[in-house]
1. Could you list, in sequence order, all residues of segment A:150-170 that are touching a Lys or Arg at 6+ places or on another chain (Cβ under 9 Å) and modelled with pLDDT under 75?
2. For B:ALA145, indicate whether it is small (Gly, Ala, Ser) and surrounded by 17 or more Cβ atoms within 10 Å (Cβ to Cβ).
3. Output the residues belonging to segment B:135-152 that are of a type in the set (A, V, I, L, M, F, W, C), more than 12 Å from chain A (Cβ to nearest Cβ) and under 23 Å from B:TYR104 (Cβ atoms).
4. Those residues that are more than 15 Å from the chain's Cα centre (by Cα) and either more than 8 Å from chain B (Cβ to nearest Cβ) or in a helix (DSSP H, G or I) (or both), I need them from segment A:233-244; list them, please.
5. If I ask for residues that are more than 19 Å from A:VAL227 (Cα to Cα) and either surrounded by 16 or more Cβ atoms within 10 Å (Cβ to Cβ) or assigned by TED's automatic domain parsing to the domain that holds B:GLY44 (or both), which ones from segment B:230-251 would you list?
6. Could you please give the count of residues in segment B:71-93 that are outside any loop (DSSP other than H, G, I, E, B) and farther than 19 Å from B:LYS158 by Cβ?
7. Looking only at residues in segment A:118-136 that are surrounded by 16 or more Cβ atoms within 10 Å (Cβ to Cβ) and of a type in the set (A, V, I, L, M, F, W, C), which one is farthest from the other protein chains (Cβ to nearest Cβ)?
8. Report the residue count in segment A:63-97 for those that are closer than 30 Å to A:THR287 by Cβ and more than 11 Å from chain B (Cβ to nearest Cβ).
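The values are calculated or read from the model by the stated rules, or taken from the named source; none is laboratory data. In this text the structure is predicted, and so the values were computed from the model without any measurement. With ideal geometry, Cβ positions are generated from the backbone for all residues, glycine too; neighbour counts draw on all protein chains shown.
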Amino acid sequence: MEIYLPIAGMSINFFVILGAGGLVGFLSGLFGVGGGFLLTPLLMMIGIPPAVAAASDSNQIVAGASSGAFAHWRLGNVDFKMGLVILIGGIAGGTIGVQFVKVLRAMGNFEFVMKVVYVIMLGLVGSAMFMESWRTIRRSKSGGAAVSEEIGGAKLGQLFSVLPLKMHFHRSGLHTSAIFPFLIGVTVGIMAALLGVGGGFIMVPAMIYIIGMPTIAAIGTDLFQIVLTSANVTLQQAFVNKTVDLLLALILLGGSTIGAQFGAIAGRRLKGEQIRILLAIIVLALTVKLFFDLVLTPTDLVSLAPAKGGGH
Amino acid sequence: MKRCWTFFLILGLVGLGGGRAQAISPEAQEKVVTAASKNLIEIGLSYRGDQIHFFGLNPVSGADLIIRLTAEKSDEVKLSVKGRVGPFWMAVKQYDVTGAPFMYKIHSTRPINEIISPAVAQELELGYPAVRQRMNLKLARGDAAPDDAEKVFKGLIKIKEKGNLYNIVADPKRLEVAEGKLFKHFFRFPPAASEGRYLVESFAFTDGQLVGYGKDVIEIKKVGLESWLTNISQNYPVFFGIMAVLIALGAGLLVGMIFKKGGHH
């Protein structure tokens, strides 16, 4: 069953997109991380123009995160003050990011920069996760108790508490400087625009280990700000680059929702560190693939530089 | 037949007197009567490209046929040329290419160079060399190199052929001619063929001379949801952006209610 995507300007099998969304949804249900950072490269692999893939992925994240955010808000897990500070940073970062995308597209190197950033990000996250879960598995085999890795982070937290612009974050029970949450927001906002990701896979560890928030509040607050940051990126992409394919986003949402249910079921049958090492392997495999794309001689030296309007 | 000779004579005189420009005027030729299986292609939700069958009557029995499909609009594309920078391959220069047709397909009874001379091919814009003649290159970024024009032209042809927007086929199986008179063939319009008007022109030649000409116009347009989404997103981006976000929020909350704790973060 073929479906014609109006903005991507191409005809593609409906089930291929649903499957891509489903696969990423399954992984995110299994691993509890956002699938954005996997979805954009996957969409590019099936032939969606990179700029349309990133913009539509942001749109899909708005939908994907809103249900989770709503649930956490009802449970009182959202630190609105913290979320707001991160959000201000996120909006600033997202706006800068979209302009950055515009310049890069005009220069014809958007795809290159996107892939480089991906290789670095995924490589770092993948190796860190692999090492952490490998250690946990070995430790549990030798019978020792798992120790949380907060020691290094807690010191950083103390450092941030001496910085100026102190604020009291009631829900997280913290009294710390607003500068760092703001900077995290800016970084994640730029990445959201550049890569079409929600940024949860950086944001949550940063909030827990570096800012020192309780895990459940970090997840709730993260989801809250992802909805708004992704909404901002979607708006900017729609205004500036006109590359949001709503049809694509909605099919992806359908797929990822179904996939997430199965992922959550599978997740209950595996141990945490087994899940994490599996995710690390997937992330590293993707990194290697993207890296080879950058260094191997391309089959076509002349290629279309995406023109205004995305598809063509 | 007599009429044909008169045409040749006139053509010859015009050709001698007027130089190359407009020496051959296809419209003045005997009409190649053609019919298309349809003249309108609608891009709907399940559009996956389309094909149109053409039937025609060769005005001169046994004459060679060259049938050309072109888009009325010409393409304005930016082509980036990759080069090695350190260990990486990245776009090192960019050309703005104008003048090349957006779509260009030819079916002929024999290879074009066996039917007509290069001069006639150039004049009637039949074949890739003529496309190249029409194409304009402007360096937008990077440093020009002498072989760039060739490289970019070949790259463009390759991209277009890959997307099934360009091809040139000289195959009696694709262009069947019954008794030298009645011909039929079909053109495939890939999903990438965007909205606009397309021309299908049939040229008949004997001994390298144009003896007949016919024209069909095909229109492609988006309809329904496709047309609406494209129009809104390109012309009312603010409204479209807000709508995209609201629909996503609504869909997400709906899904969350259905699955209680669905979606992902």
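1. Filtering segment A:150-170 for residues touching a Lys or Arg at 6+ places or on another chain (Cβ under 9 Å) gives A:167-170.
Within segment A:150-170, A:HIS170 is the sole residue that qualifies.
2. So B:ALA145 fails the test.
3. B:MET135
4. Here is the first cut: in segment A:233-244, the ones more than 15 Å from the chain's Cα centre (by Cα) are A:235-244.
A:LEU235, A:GLN236, A:GLN237, A:ALA238, A:PHE239, A:VAL240, A:ASN241, A:THR243, listed by residue number.
5. Selection gives B:THR230, B:ILE232, B:SER233, B:PRO237.
6. The initial filter retains those residues of segment B:71-93 that are outside any loop (DSSP other than H, G, I, E, B), namely B:71, B:74, B:77-85, B:88-93.
Next, only the ones that are farther than 19 Å from B:LYS158 by Cβ stay: B:84-85, B:88, B:90.
Counting residues in segment B:71-93 that are outside any loop (DSSP other than H, G, I, E, B) and farther than 19 Å from B:LYS158 by Cβ gives 4.
7. Here is the first cut: in segment A:118-136, the ones surrounded by 16 or more Cβ atoms within 10 Å (Cβ to Cβ) are A:118-119, A:121-123, A:125-126, A:129-130, A:133, A:136.
Cutting the leftovers down to of a type in the set (A, V, I, L, M, F, W, C) gives us A:119, A:121-122, A:125, A:129-130.
Values: A:VAL119: 10, A:MET121: 17, A:LEU122: 17, A:VAL125: 16, A:MET129: 17, A:PHE130: 22 Å.
Checked segment A:118-136; the qualifying residue farthest from the other protein chains (Cβ to nearest Cβ) is A:PHE130.
8. First pass over segment A:63-97, keeping only residues closer than 30 Å to A:THR287 by Cβ: A:63-69, A:86-87, A:89-97.
Of the ones still in play, those that are also more than 11 Å from chain B (Cβ to nearest Cβ) are A:86-87, A:89-97.
Here the count works out to 11.
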